[in-house]
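The values are calculated or read from the model by the stated rules, or taken from the named source; none is laboratory data. Because the structure is predicted, anything quoted here is derived from the model rather than measured. All Cβ positions, glycine included, derive from the backbone under ideal geometry; neighbour counts span all protein chains shown.
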Amino acid sequence: MILKILVIVIFSVNLSFATSNGQELSGVNGTVLKKLSSAWDKSEYFINASPIEAVEHHRCTGIAPRLDHQYDSLVPTHYVPILTISDHHCKRVLSGFVGCEETIEQQSRSGQSVRVGGQYYTCGSWKERLILEDLRTGSVQVLTDVGERHEANSGAFYLPLAFTGDDRHIILKAYMGSPGAGGGSISYGYDLISGDPLMKEPRQYLSPASSRFYNNFAKVVYTENSDNLPSYTQPGPMSNNGRLVVKDLKLLKPILIMEEADTSYRILEIDEKNRTMTVRATHHSFSSKCPRAVDALYCSDKNVSLIKIPLPL
């Protein structure tokens, strides 16, 4: 007999926020928020995503590694700097700061906890502030705040990856937390936000986690779910990868490249020098032992081939 033991840990939640930008936090909660924010590299988002793939600004000369301290009032005092990226013309710089917004008391130490006054705490909610500096005008403004996203038994935290090729938008990449009870192996992929603080353009979904960017982030190619192929039970993989799609990041209109019955695709390589893309195509066959139905891709007979096609312009 297998004996299953369920351990229930009772904890309390304390909410604590900076009351305004640049205002010092005080008391125990303020100390906890500061320590947790400084321990960002212990968070599950950082650990699961490490190393964070931001397109750094090192190719641009004369750009400081972080926002000048004279603009500290734009950022809550317990937030810590995590990345800096520039646009493709080295005219604007985006700085990212992250901070813990909610504390959770714990009865014992964990890998993601800090200790204050004999009590252990973990962070229950992270938030990121993005600051945009225009090197041409000297303007420095808050672009937006980005919080966690939670759906069902999964959660993610988005961080900037790069400006799009035309510098009009900023690509955000989802870094997934650990799945909850019953959570599937999913990833939210990429979102898009405006790179102009004056534009009230809503944040929008860009593409799934299978995305591969090229042409200096002017194009993205990815796989997505197809009705011509059995899907998966949820929670589980989000896509059967039966469609190969390209999207121009200026026009933001998806164009179908490849879709065949009972075939899934995986992008293996983007060769920008030779303008080719290598794709693994898997043709699935079904039988009485593995009927063509939901989840049949787990048991299907598979015939794999490599395809090299011209890189979509």
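Here are the numbers for the structure shown:
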{"item": "Given (1) over 30 Å from ILE186 (Cβ atoms); (2) surrounded by 15 or more Cβ atoms within 10 Å (Cβ to Cβ), index of the condition GLY155 fails", "result": "(1)"}
{"item": "Failed item, numbered, when PRO197 is tested on (1) within 30 Å of ALA64 (Cβ to Cβ); (2) without any contact (Cβ under 8 Å) to a residue 24 or more places away in the chain; (3) assigned to a loop (DSSP other than H, G, I, E, B)", "result": "(2)"}
{"item": "Residue match in region 265-286 (condition: small (Gly, Ala, Ser), in contact (Cβ under 8 Å) with a residue 12 or more places away in the chain and not in a strand (DSSP E or B))", "result": "no"}
{"item": "Test for GLU201: is it of a type in the set (Asp, Glu) and farther than 21 Å from GLU101 by Cβ", "result": "yes"}
{"item": "Residue among LEU192, LEU249, LEU229 that is crowded, with 16+ Cβ neighbours inside 10 Å, of a type in the set (A, V, I, L, M) and closer than 16 Å to LEU311 by Cβ", "result": "LEU249"}
{"item": "Residue check, LEU172 over 22 Å from LEU311 (Cβ atoms), under 12 Å from the mean Cα position of the chain (by Cα) and crowded, with 21+ Cβ neighbours inside 10 Å", "result": "yes"}
{"item": "The lone exception for HIS89 - which of (1) surrounded by 17 or more Cβ atoms within 10 Å (Cβ to Cβ); (2) out of contact with any Leu (no Cβ under 6 Å at 6 or more places or on another chain) it fails", "result": "(1)"}
{"item": "Top-ranked residue in region 66-95 [being modelled with pLDDT of 90 or more and acidic (Asp, Glu); ranked as farthest from LEU135 (Cα to Cα)]", "result": "ASP72"}
{"item": "Region 234-264, residues that are part of a strand (DSSP E or B) and in contact with an Asp or Glu (Cβ under 9 Å, 6 or more places away or on another chain)", "result": "ARG243, LEU244, VAL245, PRO254, ILE255"}
